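Only one structure is covered here, and it is reproduced in the block below.
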Amino acid sequence: MGYERQPDFGTPATGSPDTVTLRIDGRDVTVPAGVSVMRAAALAGSAIPRLCATDNLSAFGSCRLCLVEVEGMKGTPASCTTPVAEGMVVRTRTQRLEKLRRGVMELYISDHPLDCLTCSANGDCELQDQAAAVGLRDVRYGHAGENHLGLSVDRSNPYFAFDPAKCVVCSRCVRACDEVQGTFALTIAGRGFASTVSAGQAGDDFLGSECVSCGACVQACPTAALQEKTVEDIGKPERAVVTTCAYCGVGCTFRAEMRGQQLVRMVPWKDGKANRGHSCVKGRFAWGYANHRDRITSPMIREAVDRPWREVSWDEALSFAAGRLKAIKARYGARALGGITSSRCTNEETFLVQKLVRAGFGTNNVDTCARVCHSPTGYGLKTTFGASAGTQDFDSVMQADVIIVMGANPTDAHPVFASRMKRRLRQGARLIVIDPRRIDLVRSPHIEAAHHLALQPGTNVAVLTAMAHVVVTEGLTDEDFIRERCEWDAYQDWAGFVSDARHSPEALAAVTRVPAETVRAAARLYATGGNSAIYYGLGVTEHSQGSSTVMAIANLAMATGNIGRAGVGVNPLRGQNNVQGSCDMGSFPHELSGYRHISDASVRALFEQDWGVALDPEPGLRIPNMLDAAIDGSFRAIYIQGEDILQSDPDTAHVAAGLAAMDCVIVHDLFLNETAAYAHVFLPGSTFLEKDGTFTNAERRIQLVRKVMEPANGPDGQGLADWQVTQALANAMGLGWNYTHPCEIMDEIARLTPAFAGVSHARLEEAGSLQWPVNDACPAGLPIMHAEGFVRGPDGKGKGRFVVTDYVPTDEKTGPRYPLLLTTGRILSQYNVGTQTRRTANVVWHDEDLLEIHPSDAENRGIRTGDRVRLASRKGETTLRAEITDRVAPGVVYTTFHHPGTQANVVTTEFSDWATNCPEYKVTAVQVTLSNGPTQWQEDYAGRAAGARRIAAAEPGE
Amino acid sequence: MPGVRPAPAASPLPNRGNSMNSGRLRYMADQIARNFAAGGEAAAIAATAEHIRLFWDPRMKAAILADDRNALSPVAAAAVDRLAGQGAWHGSAPDSSCASKADG
Ligand code: SF4
Ligand code: SF4
Ligand code: SF4
Ligand code: FES
């Protein structure tokens, strides 16, 4: 397959179902109504020269290269800004036009360096193409006038450079930043020939500006003025493979553009239904970790965790691991074994790990890191709606009139979706933010939230109950919807409960600290503002009442009829790329794939027949329970694929003690992560670029991941993708698996899981992506759920259920010793515990975790920005540097958890969601004081980690 | 370099319990019961029992069944009693000599 840019039709599609027929250069063409003449011509296969137009931006009409003649219209209108009309007669190639175009082009070229042969964009430059298209042969103006040729190149961004000399001032970059990304970082400064693109204020460079390095401007640039540095370093790509980003739950699809085995750049794929051609800094640029020198490519073992690692062959590592697992099983029983599947790995890999645990180890002790993020979503939405998933596709946001963002920070954690949401907000949708912290969305260029409910951390249920109180007592419910689609008795119980005066905004303001009038106004807006949609994140789930909060959200949506059509819905924003998928695949200890309980004998029978083995009918241990049981001695071995529980799970000391108590810890990862300090076996992993499979994003969209290079964890051609490693471990235990490609695993998933019955790699290849359920009832998948009704119960026909959610305050309380509440989150440039992003140039934006503290709390303590402070809770303490900001309310402090040196989870507690044990990351009572150096834990940590990472020199006979 | 394994930090609140047999499970059972309390006592007992049946592993069930009921809130205690009456857990895993029976 050769390398070609994706086709560009010049101006955006309209999506109109109506068509218009016009005549272009003597040919009749029929196109969707409302498109431009330029797009119509491109659709008909005859491109009109253009420079300032590209099809992911609205037309601008500045370059005048795209002139056409239209019968009955005076002059030569620009085809990019002229809409088609029925019966229109257009000429795109006449002598007059050619002459005009050559004149325009000449002007551009006169201000452009003529070093095409040495330019890194040579052969991949629209300016070259268009000069050729208009037949430019000579340039009369010379290079005398005022221009940009002398300006220096801005290399401040680690991933792309801006060379003003090559800029043709088409302003595509400026418009991409405004329209697509919504950051408004760029302007055109100066006038006429002297005008140039400028990031931020005069004197700012890209790095110092508001730029978030999404890459939209680079993609939009027709020349080499804005270009990825890798193209300069490596050269032009030769082939492109479409694959799916492995960072967050948005699930952007990219063209991985390759030169040989080398990845040159990741370019967002315009046909990707999740991202529609956009990207963020992580997926677009932060893939360098794949070749980082810390990556471990050899299997390793050691007798005990205080010994150095020994590099061994795959066979030796696998038989060592299998031997220990079998011995532990023989001595302590199957329930002493367990595994953790990864939300970063593919559906196929996740499915295999849980199969290995259930069928091979003989226990249901399998869990996934979704335990610590979205397990309450599964529980809450299954209880109320009947399906453990978000109800909408991302496109739905473009039809929302009111948007609630609760406990989520989309511009940092789900940036590409946030850009869509911001576009809708700029079109006039109204925004309600429910979050203790003033996230960027509350106020950003051209966006202002109608209401920000800056609640006290831990009072989500109280706020939602107060909103429900307003909706019910002010008669704002959608009774027809409720009567038709929900259980009426349960609704009445719930309505009675929330109507109680105890639950009024006025009564609850004492605990929530949100003014009653704000709650009332927000509730009214949500109930009466048209299509209302709720988007939420981990600030909802990671609480002792996480599941209750999810159900309270569902109650509110049902009560106002905001379910079952475009523009509304309940939408969990998933953290990691495959959180949805890992949950779907049966990673939880109590359920098999498709959310079917393990105690259901008929479901079990299906699997038992297929797998030829009896399954334990009892639920297994969840991650926190596994650690508890390890300390008790009844849980002794664990296989962890692609997770770093020591860093990501709460109460680090407890996790460490649990891991230390086990006899066999098998870590399967790219790096010697923090958890690996307690491991006996290390199995090197493969990146998403090195394997085939599928991910399922936050909108239930299943998308293909395609192998673009050989796995690095073995000699060329002998490296193993993660699914192959799991299979090899299973076979070392005697299971005799023989999958030859992940598509066979997907066939097994489809065979055993009704919601996936119609999914196969071939179907995905053909459709691009599919949103489950995909089966006889919905052969093409289902973008919007519950359009006909809810799907509760075994028959999937049960009505929606209102659940009374009583506010129960967390037991984590502030007091004189710990007067502040700590809440945690993430930022744009880093991903989760940072194992990958810390190993990229993304550290220029975030090289340490900071503690945000309100000016009044800081002043009381004599703390200034940049001071090192001690952050202490009842569980432990750490130190980090402070940043004073009024983004957080007085009494609340905030930090991220991307860096192991900070170990924010040293201070988080073991409190967890009542229904799912999802840890309460978002509320910890703490004290903050000035400090003069790292804590003992931090100092010990560095030494311990280095010690635990020792790899013996490759001599025989260790 | 011996001793790279860190000792677990002592919990300043030891009575919260860190392991299966102690306060941890009691705390979990009480927390579940408390979140069902708004539905009334009878419903809360049933829901708590069902929740434990569906989500707790057998050793956790066995431990709470063997534990002192007086250490639990009344609803949680009644729920555990109900579970005991149902015999709702399987003591041991089925004998799965998977190696010989697995698909191939
Ligand atoms: S990289 Fe993105 S944010 Fe930065 S200037 Fe370009 S479009 Fe704007
Ligand atoms: S940098 Fe590129 S996209 Fe921006 S104005 Fe210059 S040529 Fe156009
Ligand atoms: S938004 Fe998420 S999926 Fe998209 S590029 Fe960024 S990290 Fe990847
Ligand atoms: S492409 Fe139409 S004016 Fe530039």
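The values are calculated or read from the model by the stated rules, or taken from the named source; none is laboratory data. Because the structure is a prediction, the values reported are computed rather than measured. Neighbour counts run over all protein chains shown; Cβ positions are idealised from the backbone, glycine included. Protein only, heavy atoms only, side chains kept; ligands, DNA and RNA dropped before computing areas. Shrake-Rupley method; radii C 1.70, N 1.55, O 1.52, S 1.80 Å.
Some notes on this structure:
For every residue, the table says whether it meets (1) part of a loop (DSSP other than H, G, I, E, B); (2) in the same structural domain as A:Asp55 (by TED's automatic domain parsing); (3) under 17 Å from A:Asn842 (Cα atoms).
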{"residue": "A:Asp204", "(1), (2), (3)": "yes, no, no"}
{"residue": "A:Glu210", "(1), (2), (3)": "yes, no, yes"}
{"residue": "A:Gln219", "(1), (2), (3)": "no, no, no"}
{"residue": "A:Pro222", "(1), (2), (3)": "yes, no, no"}
{"residue": "A:Pro237", "(1), (2), (3)": "yes, no, no"}
{"residue": "A:Gly251", "(1), (2), (3)": "yes, no, no"}
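- Top-ranked residue of segment A:164-192 - restricted to ones that are assigned to a loop (DSSP other than H, G, I, E, B) and open to solvent by 30 Å² or more (accessible area, probe 1.4 Å), ranked as modelled with the lowest pLDDT: A:Arg191
- Failed item, numbered, when B:Gly39 is tested on (1) open to solvent by 50 Å² or more (accessible area, probe 1.4 Å); (2) within 11 Å of chain A (Cβ to nearest Cβ); (3) modelled with pLDDT of 90 or more: (3)
Okay, residues lined up against (1) open to solvent by 30 Å² or more (accessible area, probe 1.4 Å); (2) touching a Cys at 6+ places or on another chain (Cβ under 7 Å):
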| position | (1), (2) |
| --- | --- |
| A:Pro415 | no, yes |
| A:Arg424 | yes, no |
| A:Ile439 | no, no |
| A:Glu448 | yes, no |
| A:Leu455 | no, no |
| A:Met467 | no, no |
| A:Val471 | no, no |
| A:Leu476 | yes, no |
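- Every residue from segment A:599-636 that is within 7 Å of another protein chain (Cβ to nearest Cβ) and either open to solvent by less than 10 Å² (accessible area, probe 1.4 Å) or hydrophobic (A, V, I, L, M, F, W, C) (or both): A:Trp611, A:Val613, A:Ala614, A:Asp616, A:Glu618, A:Pro619, A:Gly620, A:Leu621, A:Asn625, A:Asp628, A:Ala629, A:Ile631
- Residue that is farthest from the other protein chains (Cβ to nearest Cβ) [pool: residues in segment A:199-247 that are away from ligand 1 (no atom under 13 Å from the Cβ), touching a residue at least 24 places away in the same chain (Cβ under 8 Å) and hydrophobic (A, V, I, L, M, F, W, C)]: A:Ala224
- Residue match in segment A:273-293 (condition: more than 16 Å from the chain's Cα centre (by Cα), on the phi > 0 side of the Ramachandran plot and away from ligand 4 (no atom under 16 Å from the Cβ)): no
- A:Ile702 being within 14 Å of chain B (Cβ to nearest Cβ), among the aliphatic types (A, V, I, L, M), under 30 Å from A:Asn571 (Cα atoms) and within 26 Å of the chain's Cα centre (by Cα): no
- The helices (runs of 4 or more DSSP H) located wholly in segment A:497-614 that include 3 or more residues which are touching a helix residue (DSSP H, G or I) at 6+ places or on another chain (Cβ under 7 Å) occupy A:505-512, A:516-528, A:546-559, A:579-584, A:601-611.
- Residues being loosely packed, with under 14 Cβ neighbours inside 10 Å, in a helix (DSSP H, G or I) and more than 9 Å from every other protein chain (Cβ to nearest Cβ) - total across segment A:928-945: 3
Yes or no, residue by residue, for (1) in the same structural domain as A:Ala698 (by TED's automatic domain parsing); (2) among the basic types (Lys, Arg):
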site: A:Leu770; (1), (2): yes, no
site: A:Asp776; (1), (2): yes, no
site: A:Arg801; (1), (2): no, yes
site: A:Tyr807; (1), (2): no, no
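- Residues considered: A:Cys252, A:Cys248. Of these, the only one that is open to solvent by less than 40 Å² (accessible area, probe 1.4 Å), modelled with pLDDT under 90 and closer than 29 Å to A:Val725 by Cβ is A:Cys248.
- Tally of residues being closer than 19 Å to A:Glu517 by Cα, among the charged types (D, E, K, R) and in a helix (DSSP H, G or I) across segment A:449-496: 0
- Filter result for A:Ala330 (of a type in the set (Gly, Ala, Ser), touching a Ser or Thr at 6+ places or on another chain (Cβ under 9 Å), surrounded by fewer than 21 Cβ atoms within 10 Å (Cβ to Cβ) and part of a helix (DSSP H, G or I)): no
- Yes/no for A:Arg335 being under 21 Å from A:Asp628 (Cβ atoms) and free of Cβ contacts under 8 Å to residues at least 40 places away in the same chain: no
- Residue within segment A:808-826 that is within 23 Å of A:Thr383 (Cβ to Cβ) and either open to solvent by 50 Å² or more (accessible area, probe 1.4 Å) or modelled with pLDDT of 90 or more (or both) present: yes
- Among the candidates A:Ala40, A:Ala47, A:Ala78, A:Ala33, the residue that is more than 14 Å from chain B (Cβ to nearest Cβ), open to solvent by 50 Å² or more (accessible area, probe 1.4 Å), hydrophobic (A, V, I, L, M, F, W, C) and more than 16 Å from ligand 2 (Cβ to nearest atom) is uniquely A:Ala47.
- Scanning segment A:7-59 for residues that are over 26 Å from A:Val104 (Cα atoms) and within 28 Å of the chain's Cα centre (by Cα) yields A:Ala13, A:Thr14, A:Gly15.
- Only one of the numbered conditions (1) within 21 Å of the chain's Cα centre (by Cα); (2) away from every other protein chain (no Cβ under 14 Å) is violated by A:Val550, and that is (2).
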